[in-house]
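Visitor: Handing you a structure now.
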Amino acid sequence: MSLPAQKILIIGGGFSGMSAAILLRKLGADVDVVEIDENWRTDGAGITVSGPSLRAIEAIGLLPEFIEQGAMMDGIEQYASDGTLLAQIKTPKVPGTEITGGGGIMRPVLAKILAKATRESGANVRLGVTFKSIEERGNEVQVEFTDGSSQAYDLVVGADGVFSSVRKAVFPDAPTPQYSGQGVWRAVIPRFGAERSMMYFGKQGKVGFTPVSADEMYLYYTEKRPDKKRIPDDQLLPHLKGLLEEYTAPILVRIREHLNENSAILYRPLEGMMMPRPWYKGRILLIGDCVHATTPHLASGAGMGHEDAVVLAEEFAKGGDLHAMLERYQNRRWERCRMIVANSSRLGEIEMTGGSKEEHSQIMALSLAALLAPI
């Protein structure tokens, strides 16, 4: 097979970068991956994964590992803070597959699954290293690395996340991530009998939880906050318990009483951005959160990165001119990613303003239905 590019560098060893490395190696490309974190860590609690995102994970070849180490489920239930049922959102099987409507897994667990597959694919992974300079010279990109080495590539893929250094270097005028006005709290707790994803709406926030293994689930709370100030570690537990005081649904009362110093509580501000096309310049392409970072309201941030890798590999496999391939790739991804970023932002606005719960449910249902379409 004659590929549009044979020697490829992927900058960033996150979900998008690892997924792309695995699939491009399957096509026979020579792939280097550089990851600035020498320990290749992925922090965080759990992650909710939609059925369409599971379809992408299956295309990467890792669905059996996900099923073994995560949790699979159907449906999303929405409640008022006192436990009154507001809506049941169906999450049907992905058309043409036996993939269930969704799932959950611990983020570090999924990262380890991907990292193992990346190494086994034959990709050359270099940790504690990133680029120092990138310069396109004719039919190649010359990259100088922070360890003093340099190499020429046919294609460079920037997959270094929402605060991408590749984007800053190659597209200095690109938009930057904007704070949404919400922060998300996460914690790891027992399942307390939960069988699916559930959400409870408060006055200016939303709490929910998703099973991530046979005996654990992760809790998330989206809070309206005026700024991005860091919250000291010793205030995380009391603050989260305080946020949950207004929720009187029995399961949330149990959860609040259970929360303790071992609940792995995390907080981070929510930011997003959608970079206008083009997503490539010459032989340098941006994927994942570099170009379409979304808030987590539709459980599709990581999933969009997995899908990016699948579509990139599909277009790559068609062969032909590199720039024509990059154009096809970005045009296939544009509307789907734009919809996720825009609708996730709107869901956050509804939560912060105490807006229509009916609109919230409708946007979620329509978005999840749209994601079932082929990528």
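Visitor: How big is the gap, in Å, between the Cα center of region 314-375 and the Cα center of region 126-183?
Guide: Their Cα centres are 24 Å away from one another.
Visitor: Turning to a different aspect of this structure: Mind jotting down a quarter of the surface of the convex hull over the alpha carbons of the chain, in square nanometres, one decimal?
Guide: 17.7
Visitor: Also, I was wondering about something else. Once R0 is set to 51 Å, what does the formula 1/(1 + (r/R0)^6) return for the Cβ-Cβ distance between Glu195 and Ala324, expressed as a FRET efficiency to the nearest 0.05?
Guide: Efficiency, rounded to the nearest 0.05: 0.60.
Visitor: With viscosity set to 1.567 mPa s and temperature to 4 °C, compute the Stokes-Einstein D of region 60-127, Rh being the Kirkwood radius across alpha carbon pairs; µm²/s, no decimals.
Guide: Once the numbers are plugged in, D ends up at 89 µm²/s.
Visitor: Just to be sure I understand: with springs between alpha-carbon atoms less than 10 Å apart, which residue in His297, His360, His258 has the highest mean-square fluctuation in the Gaussian network model of the chain?
Guide: Answer for the Gaussian network model of the chain: His258.
Visitor: Continuing with the same structure: Taking θ = phi - 60°, what integer Hz values does the Karplus form 6.51 cos²θ - 1.76 cosθ + 1.60 yield along region 203-211, in sequence order, with x for Gly and Pro?
Guide: Result, ordered by residue: 5, 9, x, 9, 10, x, 8, 9, x Hz.
Visitor: Before rounding to the nearest 500, sum -39500 (n - 2.57) across all DSSP H runs of length at least 4 in the chain and divide by the residue total; then give [θ] at 222 nm in deg cm²/dmol.
Guide: -11500 deg cm²/dmol
Visitor: Rank Thr97, Thr210, Thr48 by mean-square fluctuation in a GNM of the chain with C-alpha springs under 10 angstrom and give only the top-ranked residue.
Guide: Its mean-square fluctuation being the largest, the pick is Thr97.
Visitor: Hey, any idea what Rg/Rh is for region 261-322, computing Rh the Kirkwood way over Cα pairs?
Guide: Details: Rg = 15.7 Å, Rh = 14.0 Å.
Taking Rh as the inverse mean 1/r over Cα pairs, Rg/Rh reads 1.12.
Visitor: Among Lys229, Lys168, Lys241, determine the one that fluctuates most according to a GNM of the chain built with springs between C-alpha atoms less than 10 Å apart.
Guide: Top of the fluctuation ranking is Lys229.
Visitor: Quick one: which residues, 5+ away or cross-chain, put their amide H under 5 Å from the amide H of Met217? H built at 1.01 Å from N.
Guide: For Met217, the qualifying residues are Ile189, Arg191, Val212.
Visitor: Give the separation of the Cα centroids, region 221-266 to region 21-88, in Å.
Guide: 24
Visitor: So what's region 242-374 giving for Cα Rg divided by 2.2 N^0.38 Å, two decimals?
Guide: Region 242-374 yields a ratio of 1.35.
Visitor: Answer with one residue from Gln235, Tyr267, Ile363: the one whose Cα lies farthest towards the positive end of the charge dipole of the chain, charges on Cβ with Lys, Arg +1 and Asp, Glu -1.
Guide: Ile363
Visitor: Follow-up question, since we're still on this one. Can you list the residues of region 71-88 with backbone N under 18 Å from a point 7 Å past the Cα of Leu366, pointing along Cα to Cβ?
Guide: Those under the cut-off are 87-88.
Visitor: Expressed as a rounded percentage, what relative contact order does the chain have, with Cα pairs under 8 Å and six or more residues apart? Intermediate results must be reported in sequence, preceding the final value.
Guide: On the way: 785 pairs, mean separation 86.8, N = 375.
Result for the chain is 23 percent.
Visitor: Projecting each Cα onto the charge dipole of the chain (Lys/Arg +1, Asp/Glu -1 at the beta carbon, about the Cα centre), which of Leu252, Asn343, Ser149 comes out farthest on the positive side?
Guide: The residue sitting farthest along the positive end of the dipole is Asn343.
Visitor: Determine, at each q value in 0.12 (inverse angstroms), the log₁₀ of I(q)/I(0) that the Debye formula gives when each Cα of region 170-258 is one equal point scatterer.
Guide: Calculated log10 I(q)/I(0) at the listed q: -0.44.
Taken together, the values in this text are just the output of simple stated rules run on the coordinates, not laboratory data. Just so it is clear, the structure is predicted and the values come from calculations on it, not from any experiment. Note: ideal-geometry Cβ built from the backbone for every residue, glycine included; neighbour counts use all protein chains shown.
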